Amino acid sequence: MFKRIETLKSYAKDIKVLYVEDDDIARKYTSDFLYNIFENLIVAVDGEDGFNQLNNNAIDIVISDINMPKLNGVEMLKKIKKVNPHCHTVILSQYSNSDILIECIQLYIDDYVLKPLDFEKLLNVLEKSIEKFKLEYEAKNHKFYLEQYLSLIDKTGVISKTNTEGIITYVNESFCKISGYKKEELIGQKHNIIRHHENTDEIYQQIWNTIKTQKKTWEGIIKNKSKNGNTYYAKTIITPIKDIKGNVVEYLAVRDSLDTVLDDKEHLFEQIEKNDLSILVLLQINEFEMLEKFYTIPTVDQVEKNFAFNLLSYLPFGYTFENVYSIGNGTFALLTKFNDFNNSSLNINTYLNSFVENVKNSNLRFDNMEFDINITVSYTIGKFRLYEDAKEGLENALHTLTFSNDSSIIASKEAKENLDIMKTVKIALENCNIVSYFQPIINNKTKEVEKYESLVRLINEKGEILSPFYFLSISKKGNYYNEITKRVLENSFKILHTINTKLSINISAQDIEKDETRHYILTLLEQYSNDAHRIIFELLEDENIKDFNIIKDFISTVKAKGVQIAIDDFGAGYSNFQRILEFEPNILKIDGSLVKNIEHDMFSRNIIETIVLFAQKQNIETIAEYVENESIFNILNEIGVDYSQGFYFGKPKKM
């Protein structure tokens, strides 16, 4: 017994025990025995004293007699269980009354020992009670630790849970933040709500085969789509959660966003050292130094940060570099293990070429500004001097795509030209040098000027007058285009006080679809309501109209104010007569490429004759552009074109 007591004493070191007994002799002998086992033993003389002691102390085990004055053992236990339902209890009694036993069982006591006490039997009971307490204590500790771990993961990771059918049952705040959805929009939905269209069915078949059929954990990088359509990448671990029988009851997915770009060059070098064989890609935003001279420091910093955030979305589908670093001054590094990339079966040259094209075909947008970004890329494969070799590749970058055994250098020669044009536009806007010139439109029957077309011009720092061909298409890639449109509209409406003819103004689908520009046009029409009937809006045929209903509603609104609608460059490109009729135009302007060839090209003449015949049947006026000489004018007049515009009658000029 001594060895058992010593062993039990070591287990019971941190357990606090309450012993309740009203008989003085029984209390003395039993408490002496219990002191050999429990260091933290509290002794009470009756039921009332016992309950008070429990209220004042954190008791783990209660050992109590049944028959006591003031408050018997059963009544005391009832009160104790209300205060501490998880408290372990052992009853000592000289009675084996079945009613009392049943009442004690209903109170979920741990054991019942008859008096006079046999300390051997009491020791057996205490061993079981202490073991049960220890198991519960360890379970509570594990649960507590687990809750802390889960809380930490919940705060740092992107987490979701789904049932066995793939229905989302839980998402944390990080998941909502990165996906753009609210919890109520996600719970109850299938996980494909964030599925990116470029992910193949094979990827998801592989995931389900791993987690559902094999009941194993799947790890990999997934390309996802947020609510607003943006692409984001996540390093994902999906694990099946099983019950004790091994049945899968749900799936837990923990993700780590890969949209974070490290700015620690030393960490890059450490990672290179860890890898046996690596692919290092260095990329440079072209003309970054020009950006620094052209824009403010905060703007350039924002360009760099936005590019970093979107960098992974530019990578071609099939492989994603996990390690991305910002080196500074518009330079970034991508690092991966060679074997990992090699297992993707992709060609590195083709992959990087697509990467550069993806960047070139996209724009960075923020603060009502757009930036046309191009990059130069160099890569090296190996373990030693990777950074030095790749950097040398950047510094010696060519203007064409070239490949060697260990490096690829890709660059765009257009970047500097585009940036120079944007700079010219910015300066012209600041100095009110976006101006309007006006070209006369002649009635072919009377040869009188009945209309003018407003044409935008830019005056550069040298005083040179530049046509829109030089700057307008580049400006459309940035917020400057909207400013140019606004200046043209201002200039054009102001000239109505100077002329008494109709005035034709060019606007694009992009102008109309933009709320700000559309509302500005309507404001001007209200301001110049008495002259609105002299306004003609020339619309360019555009295959890239995003919302045809907005265009139709705009046309209907301005026509109600007396404005006429002309379709510009008609006959060029894809001209769809049925669609043109949906615009309900008043005027068709025949494309200049047809007009200037009409003397020598029967095909052009036939097309113009067809357009004129179509227009006459629809009661639509026709205007021919690029009328350069008398011969062209006579042919057009003979065909039945209503109006002419070109150098033969007058060049664009200031008024």
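The table below lists the values:
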| item | result |
| --- | --- |
| Order by protection proxy (mean Cβ within 10 Å, highest first), peptides 501-511, 301-311 | 501-511, 301-311 |
| Estimated [θ] at 222 nm from DSSP helical runs (n ≥ 4, -39500 (n - 2.57)) normalised by residues in the chain, nearest 500 | -13000 deg cm²/dmol |
| Within the chain, percent of DSSP bridges classed antiparallel, to nearest 5 | 60 |
| Radius 9 Å from Cβ of Ile505, net charge of other residues (Lys, Arg +1; Asp, Glu -1) | -2 |
| Trypsin sites (Lys or Arg not before Pro) lying in DSSP loop within the stretch 346-395, provided at most 15 other Cβ fall within 10 Å | Lys383, Arg385 |
| Listed peptides 184-192, 462-470 by packing density, highest first (mean Cβ within 10 Å) | 184-192, 462-470 |
| For Arg457, net neighbour charge (Lys/Arg +1, Asp/Glu -1) across residues whose Cβ lies under 12 Å away | +3 |
| Shape category assigned to the stretch 2-141 from the gyration tensor of Cα positions, a/c cut at 1.5 | rounded |
| Contact order relative to length of the stretch 157-257, as percent, for alpha carbon pairs under 8 angstrom and 6 or more apart | 29 |
| Length released on extending from Lys654 to Lys242, taking residue separation times 0.36 nm less the Cα-Cα span | 140.3 nm |
| With Cα atoms, 0 to 90° folded angle of helix 515-527 axis to the chain main axis | 50 |
| Label-point gap, in nm, between Arg4 and Phe647 - each point 7 angstrom along Cα→Cβ | 11.8 |
| Those residues of the stretch 102-140 whose amide nitrogen sits under 16 Å from the label point placed on Ile25, 7 Å along Cα→Cβ | 115-118 |
| Rg to Rh quotient for the stretch 418-644, alpha carbon positions, Kirkwood Rh | 0.96 |
| Mean separation of Cα contacts under 8 Å, 6 or more apart, over the residue count of the chain: relative contact order % | 6 |
| Signed unit charges on C-beta, dipole axis of the chain, positive-most listed residue Cys432, Ile505, Asn444 | Asn444 |
| Virtual spin-label span in nm between Asp547 and Asn56, 7 Å along Cα→Cβ | 7.5 |
| Shape of the stretch 449-566, Cα gyration tensor, a/c cut at 1.5 | oblate |
| Relative contact order computed over the stretch 185-236 (Cα-Cα under 8 Å; 6+ residues apart), in percent | 31 |
| Under 13 Å, Cβ to Cβ, from Lys128 - net charge with Lys/Arg +1 and Asp/Glu -1 | -1 |
| Gyration tensor (alpha-carbon) shape descriptor, the chain, a/c threshold 1.5 | prolate |
| In degrees, nearest ten, helix 297-314 long axis to first principal axis of the chain (Cα) | 70 |
| Rg [Å, one decimal], Dmax [Å, integer] - the stretch 576-655, C-alpha atoms | 12.8, 38 |
| Using alpha-carbon coordinates, inclination of helix 548-559 to the longest axis of the chain, degrees | 50 |
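Bear in mind that the values in this text are calculations on the coordinates, not laboratory data. Predicted model, so just to flag it, every value in this text is computed and none were measured. Note that we place each Cβ from the backbone using ideal geometry, even for glycine, and neighbour counts take in every protein chain shown.
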